[in-house]
Amino acid sequence: MPLASKPVGRRERNKQLKLERIMAAATELFAERGVDDVTTQEIADKADIGAGTLFLYAKTKGELLLLVQNSTYAEALVRGKQAAEAITDPLDAVMAIVRPVVECNRKQVENGRTYLREMIFGDPAEPHHHEALGLSQQTEEAVAAILRRDGRRTAQDAAARARIVSAIMFVSMAASFNADRPVEDIVGEIQEQVRSVLPG
């Protein structure tokens, strides 16, 4: 007989509500003005919590950005994987995963570029940084799975090529010379580079 799930206590509910308010406040302010022009105090005020409380959820503004962006990245990755399932051509299937990730990263260009910088240089011990790296790994695994579909590639070869695809995507999104380019141009640039990586 299955055990009944334990009801969530008041303290946990309060923590979850505060986290939701923080995410909503940070999402709105970052989208309006960009991460560089928003202070943690403004986020705390908008979330109706103290600054000290805010730092219990994220120790830095960079961690707050990771918290916000991780959820949109995760949603984009789910959409991309679902789209890729119905596509037989390997390049088109890989790009079905890449496109929504690029779109989510470019909603607010400076936030997207800061997110990528935080992924590289942030503290890997921080939970939101760890989650961001996990999402990057999941993206590579999804690409590798596509490359293994026909059974002609080893898991090692597919993983190596997926890592290269990830690097291409990362550099194209983060490059300062791409800051003003539209999503379509960046996706096209990534596609041309990925085409050379995928085996014929």
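Can you say whether Arg181 is charged (D, E, K, R), touching a helix residue (DSSP H, G or I) at 6+ places or on another chain (Cβ under 7 Å) and surrounded by 12 or more Cβ atoms within 10 Å (Cβ to Cβ), as far as the supplied structure shows?
no
Need pairs with beta-carbon distance below 7 Å; first residue modelled with pLDDT under 90 and within the range 48-68, second of a type in the set (D, E, K, R) and surrounded by fewer than 22 Cβ atoms within 10 Å (Cβ to Cβ); sequence gap 6+ or separate chains.
The qualifying pairs are Lys59/Glu126.
For residues that are touching a helix residue (DSSP H, G or I) at 6+ places or on another chain (Cβ under 8 Å) and not in a helix (DSSP H, G or I), scanning just the range 91-133, find the one that is surrounded by the fewest Cβ atoms within 10 Å (Cβ to Cβ).
The qualifying residue surrounded by the fewest Cβ atoms within 10 Å (Cβ to Cβ) is Pro124.
Quick one: count up the residues across the range 68-88 that are more than 27 Å from Val35 (Cβ to Cβ) and in a helix (DSSP H, G or I).
5
Can you tell me which residue is least open to solvent (accessible area, probe 1.4 Å) among those in the range 149-173 that are among the β-branched types (Val, Ile, Thr) and under 18 Å from Glu184 (Cα atoms)?
By that ranking, first place goes to Val165.
Of (1) more than 12 Å from the chain's Cα centre (by Cα); (2) within 24 Å of Met173 (Cα to Cα); (3) acidic (Asp, Glu), Glu103 satisfies all except one. Which?
Unmet condition: (1).
Is it fair to say Gln41 is open to solvent by 50 Å² or more (accessible area, probe 1.4 Å), in contact with a helix residue (DSSP H, G or I) (Cβ under 6 Å, 6 or more places away or on another chain) and farther than 30 Å from Phe177 by Cβ?
yes
In the range 44-61, what residues are out of contact with any Lys or Arg (no Cβ under 8 Å at 6 or more places or on another chain) and open to solvent by less than 80 Å² (accessible area, probe 1.4 Å)?
Result: Ala44, Gly50, Ala51, Gly52, Leu54, Phe55, Ala58, Thr60, Lys61.
Could you check how many residues of the range 121-149 are closer than 30 Å to Ile87 by Cβ, free of Cβ contacts under 8 Å to residues at least 60 places away in the same chain and not basic (Lys, Arg)?
Number of matching residues: 10.
Taking Glu75 and the conditions (1) open to solvent by less than 20 Å² (accessible area, probe 1.4 Å); (2) closer than 22 Å to Ala162 by Cα, which numbered condition does it fall short on, given that it satisfies the others?
The failed condition is (1).
Looking at Val143 and the list (1) surrounded by 19 or more Cβ atoms within 10 Å (Cβ to Cβ); (2) more than 30 Å from Ala58 (Cβ to Cβ), which single condition is not satisfied?
The one condition Val143 does not meet is (2).
On the given criteria, is Arg149 more than 15 Å from the chain's Cα centre (by Cα) and part of a loop (DSSP other than H, G, I, E, B)?
Judged against the criteria, Arg149 is a match.
The values are calculated or read from the model by the stated rules, or taken from the named source; none is laboratory data. From a predicted model like this one, the values you see are computed outputs, not experimental measurements. Positions of Cβ are generated from backbone atoms using ideal geometry, with glycine treated the same way; all protein chains shown enter the neighbour counts. Heads up: the accessible areas ignore ligands, DNA and RNA and are worked out on the full protein's heavy atoms, side chains in. Shrake-Rupley method; radii C 1.70, N 1.55, O 1.52, S 1.80 Å.
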